[in-house]
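Student: Okay, here's the structure, questions in a sec.
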Amino acid sequence: MVSPTDVRTEDAGQVLRRVFGYDAFRGSQQQVVDHVVAGGDALVLMPTGGGKSLCYQIPALVRDGVAVVISPLIALMQDQVDALTAVGVRAGFLNSTQDLAERRRVEGAFLAGELDLLYLAPEGLAVRSTLQLLERGTIALFAIDEAHCVSQWGHDFRPDYLNLSMLHERWPGVPRIALTATATSATRTEIATRLQLTDARHFVASFDRPNIQYRIVPKREPRKQLLALLRDEHPGDAGIIYCLSRASVEKTAEFLVQNGVPALPYHAGLDAATRAANQQRFLREDGLVMVATIAFGMGIDKPDVRFVAHLDLPKSVEGYYQETGRAGRDGLPSTAWLAYGLQDVVQQRKMIETSEGDLAHRRNLAAHLDAMLALCETVRCRRVQLLEYFGETGSAACGNCDTCLSPPESWDGTVAAQKLLSTVFRLDRERNQRFGAGHCIDILLGKQTDKISQYGHDSLTVFGIGNELREAEWRGVVRQLLAEGLLAVEGDYGTLALTEASAEVLGRRRTVTMRREPERPASSRSAKPRGAATVVAALDPAATSVFERLRAWRAATAKEQGVPAYVIFHDATLRQIATDAPATLAELSRINGVGENKLAKYGEQILTVLAEDAAASA
Ligand code: ADP
Ligand code: ZN
């Protein structure tokens, strides 16, 4: 264990190296830490994986007293405390899951000055006895995690967060640091006001996640496409797959298991115990795939999620970015993959049309969907478009998204659009009939289907005028017209209807530029990301074998201790050990992520694993 007297006399950089084993601060961490160590208030906005925790954990060790961390994520407090304990930091938590004896033990440790950090749920602070307890100890700082929970307009609102402004009144001299990964400037202002952090210094990091490769592919046979992605690019990796419905979560998880991919389902229809058990396994075991509805993920701080896949279109760019952001917290290359097709647009438009709530609400939903569709249909760099959406302008094309890696062509789709729209027009105006996309495309392609003869649609003037495009291309045309609002879907059957804007295209007052899907979609193998720091060379075969041995050792050790594997060591650390093959404890201590405590605890074991591998391959 770290002795408290040592810690207090060290500066932040020394603590970073000795305790956490890291060489350098990342991004604005150093400025934040210095500011809080000096007693200043801070509001920190960093993307997921940006490294927010160290911003309060290091001041907690440098300043006198106990850092009190307010977090809504009760289920994850144990893991957070375990991770700190593993590096020799003295941490505890108080929340409703504990029995009285355990509570008393933590309270005693707090009062005796035996804690560096104390985690509390926000509702705990509404309890008088907790406040009285805090008043009897010395508080180093207050950290308010997931600070966007104070925002009444956000989806994570926690009423208890509103009380947190009283911290300032009760403990005027104690610095407060609020942290969040939720980006918009409106939320930021709201957080500052509600938490009375108006004098706090704001630290706003870029929201770019350069190690995540964004890819949006045309949906053909989504489960097969997904399986190919997992087999070709992510064998043995942990990942999250998001589906819209419980049924498709179940089916997808079953499909993956049948095909040899270890997968678990997670959705609101499962009982609480099963959900908790599946979440625990996902966090603790290596290489599990979680198939989930969006009910899964808040606060999941597993660092080695290598991919996030969406089998259905997310409803907003905010949601998409939050969900994909769960990939690659450890900074290693990761994939965000979304399969998207005509049916997604039809389904989402229909859901909005039939949703409860007033017109303003439906307009709001539609605006969010439009931004998401614009991202899907863009021929520009996906990352540039994402960052612009969050108000960050001026970035260069990233070189690490599908549109950068295999640029889609754009083509003049005006004539195709006119053909499709006039088909809808003729059916509607001449025959007073409405049909779905499939039938309209059959008409354009001049197919003699039963339905076409039944309705006599082969006598329409548009019959067979669309042979210059293949069926899949026509579906792309319909999808893009829907995405741009040049065509609408209606009713339970998703029939096509014209919009006001359709007339502009039909009347030749508007041209339509479309996206042609690249023949060979991008894969991460061809990626050359811009941020050189994030490029990780593939391990050579020898290092791969060591890495696998180290992973097996880590899995066994984690299981024995009942903690998640990443609490022992991160993948990035094991990779570096495998590559550098340190021969002594001194060499091992120079690896990023090997601090004093872990060196003492696991150093010899690691060297033994390395020696065994060398013997086996000799
Ligand atoms: P956030 O809370 O912002 O999502 P975390 O605090 O969980 O991010 O940090 C993300 C990951 O990056 C963690 O695994 C953490 O150990 C690692 N990390 C943070 N700061 C550094 C650093 N300076 N050097 C190396 N790794 C770091
Ligand atoms: Zn790009």
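The values are calculated or read from the model by the stated rules, or taken from the named source; none is laboratory data. Bear in mind the structure is a predicted one, so any value in this text is a computation, not a measurement. Counting neighbours? That spans all protein chains shown, and the Cβs are built from the backbone with ideal geometry, glycine included. Protein only, heavy atoms only, side chains kept; ligands, DNA and RNA dropped before computing areas. Shrake-Rupley method; radii C 1.70, N 1.55, O 1.52, S 1.80 Å.
Student: Exactly which GluC sites (Glu not before Pro) in the range 191-270 are in a DSSP loop and have at most 14 other Cβ atoms within 10 Å?
Tutor: Working: sites: Glu233, Glu250, Glu254; in loops: none.
Here no GluC sites (Glu not before Pro) fit, given the DSSP loop and packing criteria.
Student: Assuming 0.36 nm per residue, please report the length gained on full extension of the stretch Ser406 to Glu392 beyond their Cα-Cα distance. Don't jump to the answer; show the numbers that get you there.
Tutor: Values: separation 14, 0.36 × 14 = 5.04 nm, distance 2.41 nm.
Length gained between Ser406 and Glu392: 2.6 nm.
Student: If Phe569, Phe25 are ordered by their accessible area, calculated over protein heavy atoms with a 1.4 Å probe, which sequence runs from highest to lowest?
Tutor: Details: Phe569 5, Phe25 40 Å².
Accessible-area ranking of Phe569, Phe25, largest first: Phe25, Phe569.
Student: Compute the long axis of helix 74-86 from its Cα atoms, compare it with the longest principal axis of the Cα atoms of the chain, and write down the angle in degrees, 0 to 90, nearest 10.
Tutor: 50 degrees
Student: Follow-up question, since we're still on this one. Considering only protein heavy atoms, what is the solvent-accessible area of Cys404 at a probe of 1.4 Å, reported in Å² to the nearest 10?
Tutor: Accessible area, nearest 10 Å²: 40 Å².
Student: Next question. Along each of the three principal axes of the Cα atoms of the chain, give the extent in whole Å, ordering the values from largest to smallest.
Tutor: 90, 67, 46
Student: If you don't mind, another one. For Ala309, which sequence-distant residues (separation of 5 or more, or a different chain) have an amide H within less than 5 Å of its own amide H, given hydrogens modelled in the peptide plane?
Tutor: For Ala309, whose amide H was placed from the backbone, the distant partners under 5 Å are Ile240, Ile241, Tyr242, Trp337.
Student: For the range 332-400 and the range 137-194, what is the centre-to-centre distance using only Cα atoms, to the nearest Å?
Tutor: Centre-to-centre distance over Cα atoms comes out at 29 Å.
Student: Might you report the magnitude of the Cβ-based charge dipole of the range 212-401 about its Cα centre, with Lys and Arg at +1 and Asp and Glu at -1, to the nearest 20 debye? Could the numbers behind the result be given before it?
Tutor: On the way: 23 positive and 23 negative charges, 55 e Å.
For the range 212-401, the charge dipole is close to 260 debye.
Student: Could you tell me which of rounded, prolate or oblate describes the range 212-401, using a ≥ b ≥ c as the square roots of the eigenvalues of the alpha-carbon gyration tensor, with rounded for a/c under 1.5 and, failing that, prolate when a/b is larger than b/c and oblate otherwise? Present the calculation step by step, with values, prior to reporting the outcome.
Tutor: Values: a/c = 1.62, a/b = 1.22, b/c = 1.33.
Oblate, because a/c is 1.5 or more while a/b does not exceed b/c.
Student: If you don't mind, there's one more thing I want to ask. Please report, as a whole percent, how much of the solvent-accessible surface of the chain comes from carbon and sulfur atoms (probe radius 1.4 Å).
Tutor: Details: 13640 of 26750 Å².
The nonpolar share, carbon plus sulfur, comes to 51 percent.
Student: Pull up all non-local amide H partners of Ile216: gap of 5 or more, or a different chain, and H-to-H distance under 5 Å with H placed in the peptide plane.
Tutor: Correct list: Leu338, Asp402.
Student: OK, next. Let me have the relative contact order for the chain, percent, based on Cα pairs under 8 Å that are six or more residues apart.
Tutor: Numbers: 1015 pairs, mean separation 89.5, N = 618.
Rounded, it is 14 percent for the chain.
Student: How big is the charge dipole of the chain about its Cα centre, in debye rounded to the nearest 20, if each Lys and Arg gets +1 on its Cβ and each Asp and Glu gets -1 on its Cβ? Write out the running numbers ahead of the final one.
Tutor: Values: 69 positive and 75 negative charges, 169 e Å.
Approximately 800 debye in magnitude.
Student: How would you rank 466-475, 558-567, highest first, on the average number of other Cβ atoms within 10 Å across their residues? It would help to have the intermediate numbers written out before the result.
Tutor: Working: 466-475: 15.9, 558-567: 17.7.
Highest mean packing first, the order is 558-567, 466-475.
Student: Can I ask one more? Calculate one ³J(HN,Hα) per residue across the range 454-459 by plugging θ = phi - 60° into the Karplus curve 6.51 cos²θ - 1.76 cosθ + 1.60, and present them in order as whole Hz with x for glycine and proline.
Tutor: 4, 8, x, 6, 6, 9
Student: So, one more: What's the local net charge at Leu141, with K and R +1, D and E -1, over the other residues with C-beta under 9 Å away?
Tutor: Values: positive: Arg63, Arg176; negative: none.
Net of charged neighbours comes to +2.
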